[in-house]
Amino acid sequence: MNSKRFTLPVDEYLALEHVPFYIEDALSQLLEHKEEYTQFGIVRFFADYFNSVRNGNHILFREFSFVKATPHNRSSFLRAFWRCFRQIGKNGDLLTVMEYRSLLQLLCPDFPVELVQKAARIVLMDDAMDCLMSFPDFLYAFQIQFYYEEFFENIAVIYQDLLSGKSPNTVIVPTSFSAEQVTRPATSNTAAQEGVDSPLFCGCIEALCERYKYSHPPLSSIKEILCQVQRVSFYGFLMAIAKHEGINCDIGSLPSKADLLIDPEMDRELEKLIAQISVSPTSNSSSSTVGHKEPVRKASPRKSLHYRRRIDIESDGSNEETDSSEN
């Protein structure tokens, strides 16, 4: 339970937890599909909507602007992506940037390729962007890039300014950036490869965290990473953050790397589905003997996953996610 619940004024606490945002979205969904929802009542609709928010299923098939709107939405999307496509990691498959983007677009149709490319640069250290990546490597890099996107944009500017020899007292941290600005640290000269002074870089990051309003990794974890080396490159720093177990726990979306491919609840759902598939041919053949054969029906993942059609998904281990992981 958030301790700020008892110390902040009501309005500030609700804003901190983005409650007005979800109420506004719920009203928008209700007005857009009021003919469907009036069948079971307004109270039931709001109960189902906020249950889906609590369970993290509300982000499925939503637009990217909604998926990235709050830390909870980002965390829910990361967990959904892991659970749906965990089987790729279990199989040991290696995929390209565009293949990972295709998987992400199965959950968010307009997910931008730029964000996927940034995550790939962390894994590949900006080398050979067409190389194949394992699911665990990509997933943990994607997690920090997606969850801390705005923070890393600020860090990229700080790093580039230090790399060009600017005094840390004159480093300017903008509030918005273009894609070109974010990728500036990826240069091929010797200075970029050697990186910047770690203590100096750490001091700039600490000053940023003191006035930063968006999510950022715990400062203690950042200091722990930077105190181990004298100089650090930009992508080396990001890779260290991606591998840091404390930062992973702070986000709270993914299990540790040792447990990444273990999901007993999802495995049970897969076993049930496989059992149903293995039994269905027998049922069809017996039905045909009496001249009545029913077609095997398979639910559409898109229709059943979309919370506007099935907003009261009971848990993260739902058959809908199982369908996605099967694909």
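The values are calculated or read from the model by the stated rules, or taken from the named source; none is laboratory data. Quantities reported herein were computed from a predicted structural model and do not represent experimental measurements. Neighbour counts run over all protein chains shown; Cβ positions are idealised from the backbone, glycine included. Only protein heavy atoms, including side chains, enter the accessible area calculation; ligands, DNA and RNA are left aside. Shrake-Rupley method; radii C 1.70, N 1.55, O 1.52, S 1.80 Å.
3J(HN,Hα) along the stretch 108-114, derived from phi through the Karplus expression 6.51 cos²θ - 1.76 cosθ + 1.60 where θ = phi - 60°, amounts to 9, x, 9, 4, x, 5, 4 Hz, with x in place of Gly and Pro.
Cross-linked pairs LYS166/LYS257; LYS90/LYS243; LYS166/LYS223; LYS68/LYS213: Cα-Cα separations exceed 27 Å for LYS166/LYS257.
Each of PRO71, PHE81, SER52 was scored by the projection of its Cα onto the charge dipole of the stretch 51-117, and the greatest displacement toward the positive side belongs to SER52; charges sit on the C-beta of Lys, Arg, Asp and Glu. Using heavy atoms of the protein chains and a probe of 1.4 Å, the accessible area assigned to TYR37 is about 0 Å².
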